[in-house]
Each structure stands twice: as C-alpha cells, then as structure tokens.
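The values are calculated or read from the model by the stated rules, or taken from the named source; none is laboratory data. Predicted, not measured: the structure shown is a model, and the values here were computed from it. Every residue, glycine among them, receives a Cβ derived from its backbone with ideal geometry; neighbour counts consider all protein chains shown. Only protein heavy atoms, including side chains, enter the accessible area calculation; ligands, DNA and RNA are left aside. Shrake-Rupley method; radii C 1.70, N 1.55, O 1.52, S 1.80 Å.
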Amino acid sequence: MVLEKYINIALLTCFIGINIAIAMVLAPLLDGVERKIRARLQNRKGPPITQTIYDLSKLYKKKGSATSRLHALLPYIAFVHVAIALAFLPSILRTSISIYGDLVLFIYLVSASVVYIAIGSIASGNPFAGIGASREISMLMIIEFIFALIASTLAITHRTLVLSNILPMNIYMDKPPFLKPSLIMLVVILAILIYIESLRFPFELAEAEPELASGILIEYGGPHLATVLYTLLLRRYLLLTFLIDLVLPRDTVASLLSIEIPLIPIGIDAIVFIVLLFILTILFSSIEAFFGRYRIDIALRFMKKILLISFVVIILALIGF
Amino acid sequence: MLTLLENLAEIIYSYSSSLFIASLAITIVLTLASIPFRKLGAYPPLVSSAFLSIVFSSYAILSLATRKTIDLHISFIPISTQLPIKMSFISISIDPLSAFFIIILSIVVFTSSIYGFSYVDRFIDREHLGWYGFNYFFFVLSMYLTLMVNDLFWFIVFWELMTLFSQFLVAYEKEKKEAVWAGYKYFCITKFGSEFMILSSIVLITILARSTLYRDIGLYLSSLAQSNTLLFYTLITMFLIGLLVKCASVPFHSWLPDAHPEAPSNVSALLSGSMIKVPIYMMIRLLYGFAKPDFFIGIALATIGTITLAIGTLYALIQIDSKRLLAYHSVGQIGYILLGLGASLTLFSIGTPFFKILATVALIGALYHTINHAVFKSLLFLTAGSVIYATGSRDLNTLGGLAKYMPITALSALIASLSIAGVPPFNGFVSKWLIYLSTLPSISILCIYGVIAMFISSVTTASFIKYFTTIFTRTSRIDLSKTRAREVPIPMCFSQIILAILCIALGLIPSLMVFTAISIAKSLEIPIETESIYAIPAFIGVNGIGVVHLLIVSLAIALFMPIALSLSRTKVSDIWSCGTKISLDRISVQAREYYMVFENVFHEAYTLGHVLYKYFVTIASDKLRKGIAKSRSLLEDPHTALPLVLITIVLLILILMRLRLWF
C-alpha cells in the first residue's frame, strides 16, 4: 500500500519531468518557427528553426554580465516560477499536479515571473530598464484584472477552482442555446490576453528595441540574459498550453480512434496538442508581422476596452449563460 | 509531550495571577521612574515593553495550545456591593481569540521595542525621551489590556487610553507642524467622533443587558436579535461604525495616512501593525461572539472592505512619500481583512454546506491576513525608519541606490514588499489566496469583490515595485558617498531579520495558521462545516501551497548555489548610458512617473477624490476670504467635521429612544 503510493508519486514526478523537459525544447523551437514565419511574410529567407536554441546555448557558454547581485539573481527565480507553473498543466502527457485552488495559484505563478524580471531589470539601475519595467507592470495590472475575471467565470460555471476539474472546460448547456456564450467569449478574450502577455507586437513595449534599446534586457549579458529570454519563451509556451488545455477535449479525441493498443491514445493526444501549438504560434506570429508597436497609453486604453468586455462575460456567467 | 505541556500549564495557571501582577508592577514602576531622565528615559520603558510582550505571549501560546481560557481576577478596589456594575476588579480572560491577537501584538511590540533602542538616537538632542518612553509603554500596555479584558466597561476604558497615548506619540516631534496637525486630526476623528459612538452604544447595551460581561452581553444580544430587530441593528451599526473609523475603512480613513507617517517609525509599526487590528478583534467578537452571523451586516462589511481595499491601494499607488505610501497600504490591507470577514458572515448566514465550506475558508483567510499584515507592515515601517535613520529622507523622488550601503535593510524590505504584494513563496500570498478561494466561486456579488481584490493585489505589487526600486536600486539623486548612509545598528537589523524570517516561515508552514484559526472558530462556537478539518478542501490546498512554496524555495536555492559561485566570475559592468557621460541621476525614472500612464488611463478611479478635494478647497478658501470662518480646523480639513456628524446621529437616536418614537 505504502509502496504503491511511493511508486505513484515517483511516476507522477517522472511524467511531469517529461512534460517540463519537452517544454524546454519546444519553447525555443516555437520561437524559431515564429522567426521563420515572420521572415517569410516580410519576403526574407529567415534563420533556421533551431536558431533560437543555438542563440541560447551560445549565451550560456559566455561569461555573465550584470550590474549588481540582485540584478543577476532574480531572473533565475522567475525561471523557477514558470517551470513550477508548467507542472500544473497537462501538456504532452496528461499528468499534472493538482491541489485545491490551483487556478489562482497558476495565475500568480505566471505573474510572479513577470514581477521578478521587472524588479531584476530595474535593479540594474539603467533608466531604460526602469521605463521598460514600469510599462510591463502597468500592463500586468490590467492583465491580472482580466485573468481574475476569467478565473471567476470558470469558478462560477464549474463550481470549483481546481484546474484538473475545469480542463477541458465544459461549454455545453442542457437546453438551447447549447453553447455557453460566456465561455466562448472567455476563450476569445483569453486568446487576446495571451497574445498581449507574451510580449508580441503591438504590445512588445517592455523590450521595445529601437525605442528603449531592449528595455528590460538592456544590462543583462551571458547566462543571465539567456535565462531572461528562456523565461519569456517558456511563459509563451505555458500560456499557449493553458489556452489549448481549456478547449482541447482529450478524452473525446482519444475515443474517436478507439483502437485497442494502449499507447496510441497518448500518442494521438500529444500529436494533436503539438499541432495545435504550432497552429496557434503560426497564427500569432502572422498577426504580429502586420503590426508596429503601440504607444503605451494606446495599448493600455485597448486593454481597458477588453477589461470592460470581460465584465460582460462574468455577468453572463452569473445569470447562467 | 502533551502531558508535559499540561503539567507546565498547571504550574503557570497556579502562579498566573501573581506572575501577571508582578510583571505589571515591575514594568510600571520602572517606566514611571524613568520619566525624569531626558536622555536615558526611553530605554527602561522599551525593555519593559519587550519583557511584557514575552510574558503575555507565553500566556497566549499556552491558551492556544491547551485550548483553555485563562481567567484572572485582579481586584484593586475593596469589593463593594453598591456599584451597579462589577467594576471593582479587572477580570482578565484570555480565550483563543484574544490569545491570537495577543500573539500578533507581541510580535510587533517585541521587534519594534528592540528596534527603538537605536532608533531613539534620532531624537536624543531634540526631544525629551522620558515622555517618549512613558507614552510608548502605556500605549503598549493599554493595547494588551484592551485585548485581555472580558468586560465591556474595561474594554472602553483601555480603548480610550490606547487612543490617547497613541495620539501623544503621533504628535511627539512637536516642532514639526505636520505632526501636531496630524495628531489633532487623529484626535478629532477617532476620539471625539468614533469613540463617542462606541461609548454610547456600549452604555446602551450595558444598561439594557444589566451587565458588562461579554458572556451576558452575548446572551442578551442574541435574544434581542429575535425580539427587537430594529434596536439590534441600530446598536450593532453604531458599534461597527465606531470600530470602522478606528480601523480606517474608507469613508473614515483620512486620519490614518496623516497620523501614521508622522509618528516615530517604530511607533508607526505599532500603529499600523497592531493598533488597527484591535478593532478587527472587537469586530470578530461582536459579530461572531455576541451576535449570530448576519447576512446584511456581512454584505455591508464585504462592500466596505472592497471599497476600502480598492481606494486605499489605488491612492497608495500615487504616493511619493515612503511612509505615507505604506500608510495608504495599511488602509488597503485592512480592506482585505474586512472583505474576508464580511464574506464569511454572509456565507455562514446562507448556510448551505457548500457555502459553509467557503465561509470557513474566508474566516481562516481573514485571520491569516491579520497576522500576515501585522508582520510585513511592521517590517516595512521599520525598513522605512531605517532609511530615515540613515539618510533623513522620506521622499521617493530623491532617494535611491541604498542597496549597496544597507544590504540587510534592502533584503528585508524586498521580502516584505514581495509578501505584501502576494507573490507566491511568501506569507501574503497564502492569506490573499484563501480570500479569493472563498469569494470567486460564490455565485453572488462576492465574486465581483474577489475579482477586484485580485486586481488590487497586482496594484499592490506595482506599488511596492516602485517603493523598493526607488529607495534601494535606482541611481540616487543625492550623492550617497557624502551622506552618512550605511547599514543601521545591530538592534534595528535584528528586528528586521526576525520579521523577515517570520514572513518566509508563515508562507512555508501555512497549515499552522489554519489549525489556529479553526481552534478560534471552535471557541467562538462558529458553525464551521466539518467534523475533521481534513474535510475542508482549502486545508488540503493550503498544505499543497506549503509544498509548492517549499519547492520554489528549494529550487531557487539549488539554482542559486552554482550562480552564487559563478557570480565572482560575473563581470560587474557599469551602467550603459548611450555611450555618453551623462550622469544617470538626471535621467532616472522618478517615483511619480512610474505609473503615470496607468493613472491617466484609469483616471476614473481618482475622480471622486479629486472632486471632493476641489469642492472642499473651494468652500474653505471662499469662506476664509470672506472672513466668515472662525473655526480654522474645520475648514482646513473637512474630515474633522466627521465627529459632529457622528455625534448628531447618536443624539438623534437617543432622543428617538427617549421619546419612544421609534423603538
């Protein structure tokens, strides 16, 4: 009995480890795909898909550069937070950690990584980093407001705050209209929110290379820079995974191909997941190619509009739609 | 282990009265004897306060561990039968609820007293330290006794003394005009207004109930709730308004951001960390102990809490004075506690099993946030005090770059900032998380309140990123090498380190607090849902949170080790300034510029405050110009008119009751 428990824990750890390890590889690859797509849309040839991995590994070999101890250390804590947040979501394998109220915990782990990178970059003392971080935190405040509305909508409709009970969410109702309008709106809003939070054009305000000379990244060098970049990439992967998990009915997908061989459903699952991941990335990067950077106040006004729309979502959910 | 504890408990019980009286007598005599000493007079009272905190917290821990009430009767007048109410002795009774608040108070008192040893150096040439010590000690003592008595008469006596001494401490630096003015405003709003309200309510309750003991009043009020609902709600509302003024909830909060920053920093820690928790204590006793959970009061309290946390924190975001920013955050964090309390009252009164579980979680969250706020807010005030001690400045626009000179202060300020911001491995996260868990899935207005609380938590984060980075990391506008900026003396560092460790420990072992909260709930006979606490899902969640926090800390340390080793290899580079030789302090981001765009985009949040300010300033200046105004104070600050309003309400109620028109 006790032995069984330990074996279960070991298996769980192992599976989650596989999830995180694949995420570590996939996140830079997705960035490579994005670069390729953007280049093709702008009539360039573009770097190979593995270019981001080469960049990161080269940076890790270099000697680090930072202006103070706090400045150098905080990106690593941000990295830890994102890695732990990954364990709460089923990705390639269906296994995930699950505790009561982990939906809120998940949101906080994601925003904590933003906070640590922001503090770290301001700690460099560079005014450009200060401007970039203050922009990022201004955006974070509104993002968290919308995230809270989304969490509350999910909690109202599913009567729980446990991610594994919510994912994939149940968008069907007993009587017409058969699809819940609040949850469909929620998915759209979440997609926009993820687009914003993953620092893409036109919301790439914290780095803003031509304007702020890389903003939050400005004083980092070597492994420290690589960790910040890696954290940003993993966060993109994490948020995309969250979106896919919300809508992908894994059980239905697996039962569609009811073959008796046990490993096939898992394989199908993983393949569908990865395909969706690539589709979303291609979609997001092609949207990105058509935009310039917003001014910070225009970006915030845009987000405020989304905020007001998400209030409609929670009110719809409260009255039962 | 348990038998050992019980034996120890027996011994302490048998000597408790004499120990109590002896420690009180020694410390009071020591304090009174040190009044005449102008320069050394602060030290004996500080030692006495630290000593009292140890003695009283041991009583409290004993009461919590054995789940018994410690009763002491201390008579100081020969018992006479003529007195209508039993005033001839103070009856001390420490039940788990008061024990919990005594522990909170003891943590703050112990650390800020030790901190005071060095901090009083600031005043040594300017002020009379004997009076500082006298006021400090009696302020601490009256707070303790307010929490310990089980008699409404003695409660109001010590409550008044608490306000009186804290007011003297606020106006301690008497050559500073702002300090004296803040003390006066504090007096007007709390003593003149709210305590009048509480006093009248208490007098009415005791006359009607014919007793002052908590037990009898509880019986009377619960029977009154059945027989005369209107009178019941009137009495409770009067009492609550008085308490809400004292804990600075929003319509009545304007005294706090003036009064708390002006006091010496360790007193600010006491005021924000523990004094505004005393009304919370009485609120729990009133709404759970005396009355049964009530739907309307719960909703009202949750609404006030949400408004308080939103307005308090949004105004904190625009502050540029370090201690004033912290004081506004005290208002905001009290809002969280009120929201948790109100939500639990509402959900208990609905009473279905699902809501009862949520209500239990909300109550645990409110109690947990009370202790967390005490720890991180007093730590923040102490670090702000250390910065004042080192540089003499409170202005976030000019400070900067102190992390290099004051590493311990900087680290503890960082920990406290992350705690109050609710970032995962620290304590503030767990209590806020519990409050969200109870409000978000409740299908009512409460889930909107929960969403607002979550948003405000990120505003708090933003505000403290500003607070920490402007003081400690950004390039300074002052030339630091010329000032005396260096690490503060050992007593101050010691207090900061203790509180910082508590911030981390309370985040890593959250289940301890859940046990405490549940034993408090059981002692108050609150109908919590479960036979065994393991059926509360949040408890399992809390354990999970503890594990996740441990995971974060251990992973961070595991990553730190190689990096800390390689840091010596890290090239410490100069800050890049576009290749030119501009001095960075000229172009560094100013505190008021951090979130200026956000404030412009969300200007609606500040509209009401601006309109009110403009309106009152126009009236005031008009009347001053015409020479109508004789009462200067009323016009300079319209909030000082609040007591008149409250007193009018009380008089109206009394007249209506007297004429039997209404009740």
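Beyond 24 Å between alpha-carbons counts as too far, so tell me which of B:Lys39/B:Lys174; B:Lys174/B:Lys614; A:Lys305/B:Lys323 fall in that bin. Numbers along the way, then the final one.
Values: B:Lys39/B:Lys174 17 Å; B:Lys174/B:Lys614 30 Å; A:Lys305/B:Lys323 34 Å.
The answer is B:Lys174/B:Lys614; A:Lys305/B:Lys323.
Among A:Tyr76, A:Tyr220, A:Tyr294, whose mean-square fluctuation peaks in a Gaussian network model of chain A (Cα, cutoff 10 Å)?
A:Tyr294
At a probe radius of 1.4 Å, figure out the A/B buried accessible area, summed over both chains, and give it in Å² to the nearest 100.
Values: alone 15710 and 27800 Å², together 37590 Å².
When A and B are taken together, about 5900 Å² of accessible area is lost.
Return the FRET efficiency for the residue pair B:Ile35, B:Ile11: r is the Cβ-Cβ distance, R0 is 41 Å, and the value is rounded to the nearest 0.05. Don't jump to the answer; show the numbers that get you there.
Values: r = 36 Å, r/R0 = 0.87.
So the FRET efficiency works out to roughly 0.70.
For chain A, what % of the accessible area comes from carbon and sulfur atoms, probe 1.4 Å? Provide the component values of the computation, followed by the final result.
Numbers: 8850 of 12740 Å².
So the carbon and sulfur contribution to the accessible surface is 69 percent.
If you place +1 on the Cβ of every Lys and Arg, -1 on the Cβ of every Asp and Glu, and leave all else neutral, what size is the dipole of chain A about its Cα centre, to the nearest 20 Debye? Could you put the intermediate results ahead of the total?
Numbers: 26 positive and 20 negative charges, 124 e Å.
That gives a dipole near 600 debye.
Kirkwood Rh over alpha-carbon pairs of the stretch A:1-80, then Stokes-Einstein at 4 °C and 1.567 mPa s: what D in µm² s⁻¹, rounded to an integer?
Values: Rh = 16.1 Å.
Roughly 81 µm²/s, to the nearest whole number.
Greater than 24 Å separation of Cα atoms is the criterion. Which listed pairs, B:Lys176/B:Lys466; B:Lys404/B:Lys466; B:Lys191/B:Lys522; A:Lys304/B:Lys356; B:Lys432/B:Lys466, meet it? Don't jump to the answer; show the numbers that get you there.
Numbers: B:Lys176/B:Lys466 27 Å; B:Lys404/B:Lys466 18 Å; B:Lys191/B:Lys522 34 Å; A:Lys304/B:Lys356 35 Å; B:Lys432/B:Lys466 21 Å.
Violating the 24 Å Cα-Cα cut-off are B:Lys176/B:Lys466; B:Lys191/B:Lys522; A:Lys304/B:Lys356.
Under 18 Å Cα-Cα from A:Lys63, which aspartates and glutamates qualify once same-chain neighbours fewer than 8 residues away are excluded?
Correct list for A:Lys63: A:Asp55, A:Glu219, B:Asp574.
What's the longest bit of chain A with no exposed trypsin sites (Lys or Arg not before Pro), using DSSP loop states and at most 16 other Cβ atoms within 10 Å as the test?
Details: sites that count: A:Arg44, A:Lys45, A:Lys62, A:Lys63, A:Arg159, A:Arg295.
Between the exposed loop sites, the longest stretch runs A:160-294.
Please name whichever of B:Phe296, A:Leu205, B:Val140 sits farthest to the positive end of the charge dipole of the protein assembly as shown, dipole taken about the Cα centre and charges placed at Cβ: Lys and Arg +1, Asp and Glu -1.
A:Leu205
Using a simple spin-label model with points 7 Å from Cα along the Cα→Cβ vector, what separation in nm is obtained for A:Val25 and B:Ile207?
With each label placed 7 Å out from Cα toward Cβ, I get 8.2 nm.
State, as an integer percentage, the relative contact order of the stretch B:253-332 based on alpha-carbon contacts under 8 Å between residues 6 or more apart. Mind dumping the intermediate values first?
On the way: 47 pairs, mean separation 32.1, N = 80.
Across the stretch B:253-332, relative contact order equals 40 percent.
By average Cβ neighbour count within 10 Å, what is the ranking of A:178-187, B:232-241, B:301-310 from highest down? It would help to have the intermediate numbers written out before the result.
Working: A:178-187: 17.0, B:232-241: 20.6, B:301-310: 24.0.
The packing order, highest mean first, is B:301-310, B:232-241, A:178-187.
If you place +1 on the Cβ of every Lys and Arg and -1 on the Cβ of every Asp and Glu, how big does the dipole about the Cα centre of the protein assembly as shown come out, in debye to the nearest 20?
Values: 71 positive and 52 negative charges, 361 e Å.
Rounded to the nearest 20 debye, it is 1740 debye.
Among A:Ile192, A:Ser182, A:Ile142, which residue has its Cα positioned farthest towards the positive end of the charge dipole of the stretch A:96-232, with +1 placed on the Cβ of Lys and Arg, -1 on the Cβ of Asp and Glu, and the dipole taken about the Cα centre?
Working it through, the farthest residue towards the positive pole turns out to be A:Ser182.
In whole Hz, what ³J(HN,Hα) sequence does the stretch A:221-238 give by Karplus (6.51, -1.76, 1.60; θ = phi - 60°), x for Gly and Pro?
Working through the residues one at a time gives x, x, x, 5, 4, 4, 5, 4, 4, 4, 4, 4, 5, 5, 5, 4, 4, 4 Hz.
Does the stretch B:176-296 come out rounded, prolate or oblate by the C-alpha gyration tensor, with a ≥ b ≥ c the root eigenvalues, rounded set by a/c under 1.5 and, if not, prolate when a/b is larger than b/c and oblate if not? Working shown, then result.
Values: a/c = 2.61, a/b = 2.31, b/c = 1.13.
It is prolate, given that a/c is not under 1.5 and a/b is the larger ratio.
Exactly which GluC sites (Glu not before Pro) in the stretch B:121-222 are in a DSSP loop and have at most 11 other Cβ atoms within 10 Å?
Details: sites: B:Glu127, B:Glu160, B:Glu173, B:Glu175, B:Glu178, B:Glu195; in loops: B:Glu127, B:Glu173, B:Glu175.
Here the GluC sites (Glu not before Pro) that fit, given the DSSP loop and packing criteria, are B:Glu175.
Give me the base-10 log of I(q)/I(0) for the stretch B:274-410 at each q in 0.09, 0.12, 0.15 Å⁻¹, Debye formula, one uniform scatterer per Cα, rounded to two decimals.
Debye output, listed in q order: -0.35, -0.56, -0.76.
Which value at 222 nm does the protein assembly as shown reach when only helices count, each DSSP H run of 4 or more adding -39,500 (n - 2.57), with the total divided by all residues and rounded to the nearest 500 deg cm²/dmol?
Numbers: 38 runs with 689 residues, N = 984.
Only helices count here, giving -23500 deg cm²/dmol.
Mind checking the full-extension length gain between B:Ile124 and B:Lys522? Use 0.36 nm per residue of separation minus the Cα-Cα distance, one decimal, nm.
Details: separation 398, 0.36 × 398 = 143.28 nm, distance 4.88 nm.
Once the chain is fully extended between B:Ile124 and B:Lys522, it gains 138.4 nm.
Tell me whether the protein assembly as shown comes out rounded, prolate or oblate; compute the Cα gyration tensor, take square roots of the eigenvalues as a ≥ b ≥ c, and use a/c under 1.5 as the rounded threshold. Could you put the intermediate results ahead of the total?
Working: a/c = 1.74, a/b = 1.44, b/c = 1.21.
Prolate.
For the stretch A:158-252, what percent of Cα pairs sit more than 20 Å apart? Provide the component values of the computation, followed by the final result.
Details: 2371 of 4465 pairs.
Summing the P(r) tail past 20 Å for the stretch A:158-252 gives 53 percent.
List the residues whose amide H sits under 5 Å from the amide H of A:Gly221, counting only those 5 or more places along or on another chain, with H placed 1.01 Å from N in the peptide plane.
A:Ser65
Would you work out the charge dipole size for the stretch B:158-251 about its Cα centre, treating the Cβ of every Lys and Arg as +1 and the Cβ of every Asp and Glu as -1, and quote it to the nearest 20 debye?
Numbers: 8 positive and 6 negative charges, 7 e Å.
Here the size comes out at about 40 debye.
What percent of all Cα-Cα pairs in the stretch B:403-500 falls in each 5 Å bin, counting up from 0?
The distribution over the stretch B:403-500 is 2, 12, 17, 17, 15, 12, 9, 7, 5, 3, 1, 0, given as percents.
Determine the per residue accessible area of the protein assembly as shown with all protein chains present and a 1.4 angstrom probe, expressed in square angstrom. Before the final figure, lay out the partial values.
Working: 37590 Å² over 984 residues.
Solvent-accessible surface per residue comes out at 38 Å².
What full-extension length gain, to one decimal in nm, is calculated for B:Ile490 and B:Asp71 as 0.36 nm per residue of separation minus the Cα-Cα distance? Mind dumping the intermediate values first?
Working: separation 419, 0.36 × 419 = 150.84 nm, distance 3.86 nm.
Length difference between fully extended and current span is 147.0 nm.
Say each of A:Asn165 and B:Asn228 gets a label point 7 Å from the Cα, pointing the same way as Cα to Cβ; how far apart are those two points in nm?
4.6 nm
With every atom except the alpha carbons ignored, what do you get for Rg and Dmax of chain A, in angstroms?
Using the Cα atoms of chain A, the pair Rg, Dmax is 20.3, 63 Å.
Would you work out which of A:Ile77, A:Ile37, A:Phe88 lies farthest towards the positive end of the dipole of the stretch A:6-119? Charges go on Cβ: Lys and Arg +1, Asp and Glu -1.
Sorting the options by dipole projection puts first A:Ile37.
At 7 Å along Cα-to-Cβ for each site, give me the label-to-label distance between B:Val180 and B:Val645 in nm.
Roughly 2.9 nm, to one decimal.
Tell me, what is the FRET efficiency for A:Val272 and A:Phe321 to the nearest 0.05, using R0 = 25 angstrom and their Cβ-Cβ distance as r?
Details: r = 29 Å, r/R0 = 1.16.
Between A:Val272 and A:Phe321 the formula returns 0.30.
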